[in-house]
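Encoded as structure tokens, the structure appears first; notes follow it.
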Amino acid sequence: MTGYNLKTESGRLSFQPERDYKGKILFFSFLAAVIFVVTPMLNLYRDTFWGVMAIGFVTALTALYDFIFHFNVTYIFDQYTGQVYKKIPGLLTRKIMAFEDVYILHVQEDGLLHYALSHKQNKFGKSFTISQAFGSSRKSQIRQAAFETEVLAEIEKITHRSK
């Protein structure tokens, strides 16, 4: 599935659940660039100038944060170790849980459904979002069905194969 960058190779399943942040990152990057280019050309008072530049700085930091901590986050299901890892490229790879503890949780927030990875013993404790939010529109239901048949099926296949 291209939307989740799903890869299965030599006993490892990896995917990136939050690829839908691309539009938000591009918007905030464009907005910051416009602010940084246009503001110096305007004849603004000193305080107004730095206020607008601060808004540009915050939008640039928002784009950078989303790029590092959301867009490129990869979940890795390693069949050989029987572990699930969360990888932030270039920063860290963290072991989340063993395959025996994996529970796929259906989370309903603000009228939108998304799937999360949780521990069997504490299902409603700490969870990790593994899908984008799905609404009630036809397009969203098609995306949800594709996620369920391609990504969730692969997760269940690899986690149950090791038991």
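The values are calculated or read from the model by the stated rules, or taken from the named source; none is laboratory data. Keep in mind that this is a model prediction, so the values were computed, not measured. As a convention, Cβ positions derive from the backbone with ideal geometry for all residues, glycine included, and neighbour counts pool all protein chains shown. Only protein heavy atoms, including side chains, enter the accessible area calculation; ligands, DNA and RNA are left aside. Shrake-Rupley method; radii C 1.70, N 1.55, O 1.52, S 1.80 Å.
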Practice problem: Rounded to the nearest Å, what's the spacing between the alpha carbon centres of the range 66-93 and the range 95-139? Just the number, please. | Solution: 16 Å
Quiz item: In units of 2.2 N^0.38 Å, what is the alpha-carbon radius of gyration of the range 95-158?
Solution: 1.15
Quiz item: Helix 46-66 versus the longest principal axis of the chain: what angle, 0 to 90°, nearest 10, using Cα atoms?
Solution: 20 degrees
Quiz prompt | Within the accessible area of the range 73-163 (1.4 Å probe), percent carbon and sulfur | solution = 49 percent
Quiz item: Taking Cα pairs under 8 Å and at least six residues apart, what relative contact order does the chain come out at, in percent?
Solution: 20 percent
Practice problem: Evaluate 2.2 N^0.38 Å with N set to the residue count of the range 30-140, then give the Cα radius of gyration divided by it. | Solution: 1.55
Quiz prompt | For the range 1-108: accessible area per residue (Å², 1.4 Å) | solution = 62 Å²
Exercise. Calculate, in nm to one decimal, what residue 128 and residue 88 gain on full extension: separation in residues at 0.36 nm each, minus their alpha carbon distance.
Key: 13.1 nm
Exercise. Lys and Arg at +1, Asp and Glu at -1: add these up for the other residues within a Cβ distance under 12 Å of residue 96 and post the number.
Key: +3
Exercise. Mind giving me the nanometre distance, one decimal, between the label points for residue 10 and residue 140, set 7 Å out from Cα along Cα→Cβ?
Key: 4.1 nm
Quiz item: For residue 135, what is the net charge nearby, where nearby means another residue's Cβ is under 11 Å from its Cβ and Lys, Arg count +1, Asp, Glu -1?
Solution: +2
Quiz prompt | Cβ-derived FRET efficiency at R0 35 Å, residue 69 paired with residue 38, nearest 0.05 | solution = 0.75
